[in-house]
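Structure first, then comments.
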Amino acid sequence: MNTNWMIGTHGDPLGALQKFVKTLWEQTGLDVMVVAPNGSGFLLESPDELEHMNPFRPLMKLNTARLVVDTARKYPGKRIGAMLRPCEVRALNEMAARGAVKRDDVLAVCTDCLGTFPADEFEWRTERSSKGLTKDSLQFAPQGGISAYRYRPACQMCAEPGANEGDVNIGVFGLPVRQSMLVNAQDGKVILENLTDGLAADELVDKREHTLAKISDRHVRTRERVLKGLDENLPADVQELLLQFESCGDCQACMNVCPICSVDEPRKDESGRLVREDVVNWLLSCAGCGMCEQSCPQHQPLSAVFSHIREQIDAELAL
């Protein structure tokens with residue numbers, strides 16, 4: 001069972017997180033760290049470069065788990081750290097299950113995901129934000145986020161935005177982030193006692209869990225509303241989805257950006273049609289990052305469609 005610890009932020013939650021990760025890096029002997037790409041790249045080779053790490057920036061251009069796998073291949077035998085969102089950790093775990101990376105070789109630090117904007121919306125808001133979008137997002141962390149209807153569809157429907165599956169998890173939802181954040185580690189992975197400011201009060205843990213439950217409920221209702229709106233345009237099962245894929249021709253933009261497909265792409269049969277079993281396995285492994293929908297030239301609501309079909313598959317498997 002995980003024990004929650006507290007990090008004092010002293011009015012600067014991002015700076016406090018960077019300081020914590022720097023100490024974590026040094027304690028665990030990391031060689032490099034993969035972070036979400038920005039103007040300074042994605043691979044940090046020294047803890048002194050952590051000023052370029054910002055997991056609260058509300059923009060997601062690709063699933064960073066792909067970069068983790070690429071880095072592991074480039075640096076075999078190296079100890080790799082990775083700063084990831086919950087959907088990126090889920091993708092990394094699925095890729096590891098397929099043998100693309102040794103999960104024990106990666107220390108995944110996961111943060112609660114405050115949501116991300118589409119790229120054009122991000123740029124528009126950046127130009128008009130007086131404090132910066134990172135500060136805007138963190139300001140509303142106690143309430144569970146801001147402007148959810150503006151986020152990418154995958155973020156609006158994500159039922160698990162909380163950091164729970166990383167080797168080290170950082171919690172901000174429901175918390176007074178200008179005062180403190182929560183942190184816990186998978187049993188035996190990291191010793192946090194000397195890296196934090198003590199055990200977290202039960203009140204803080206309860207606030208985060210309560211807020212996460214509210215967010216999850218809100219996102220489930222959003223998903224139901226979207227699916228209801230699609231109505232007749234929603235494929236009823238895998239077979240209908242395969243027919244929709246055929247109408248896309250050789251596009252495959254959704255698969256080209258999918259982290260799972262990057263290591264285990266669905267095959268095609270002799271007639272050029274996608275193999276049903278492979279598509280089923282793909283959908284069951286979906287991390288919910290929404291990169292597929294973001295890349296679709298036809299602007300199909302793939303986050304909702306894929307989650308709906310996955311639900312149908314789960315129901316069939318349960319029979």
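The values are calculated or read from the model by the stated rules, or taken from the named source; none is laboratory data. Since the model is a prediction, treat every value here as computed from it, not as a measurement. A quick note on method: Cβ atoms are made from the backbone with ideal geometry, for glycine too, and the neighbour counts reach across all protein chains shown. To get the accessible areas, we keep the full protein, side chains included, count just its heavy atoms, and leave off ligands, DNA and RNA. Shrake-Rupley method; radii C 1.70, N 1.55, O 1.52, S 1.80 Å.
Just a few scattered comments:
- Residue match in the range 131-142 (condition: in a loop (DSSP other than H, G, I, E, B) and either in contact with an Asp or Glu (Cβ under 7 Å, 6 or more places away or on another chain) or open to solvent by 80 Å² or more (accessible area, probe 1.4 Å) (or both)): yes
- Looking only at the range 59-72, residues that are of a type outside the set (A, V, I, L, M, F, W, C), modelled with pLDDT of 95 or more and either in contact with a helix residue (DSSP H, G or I) (Cβ under 9 Å, 6 or more places away or on another chain) or open to solvent by 40 Å² or more (accessible area, probe 1.4 Å) (or both) come to 4 in all.
- Among the residues of the range 86-114, those that are assigned to a helix (DSSP H, G or I) and aliphatic (A, V, I, L, M) comprise Val89, Ala91, Leu92, Met95, Ala96, Ala97.
- Residue satisfying condition, being open to solvent by 50 Å² or more (accessible area, probe 1.4 Å) and within 17 Å of the chain's Cα centre (by Cα), within set Gln244, Gln294, Gln239: Gln294
- Among (1) crowded, with 22+ Cβ neighbours inside 10 Å; (2) over 20 Å from Thr64 (Cβ atoms) - the single one Ile170 does not satisfy: (2)
- Residues of the range 174-209 that are touching a Gly at 6+ places or on another chain (Cβ under 6 Å) and open to solvent by 60 Å² or more (accessible area, probe 1.4 Å): Arg178, Asp197, Lys207.
- Some residue of the range 172-179 being of a type in the set (A, V, I, L, M, F, W, C), assigned to a strand (DSSP E or B) and at pLDDT 95 or above: no
- For the range 8-36, a residue qualifies if it is among the aliphatic types (A, V, I, L, M), open to solvent by 10 Å² or more (accessible area, probe 1.4 Å) and within 15 Å of Val183 (Cβ to Cβ), and the qualifying residues are Leu14, Ala16.
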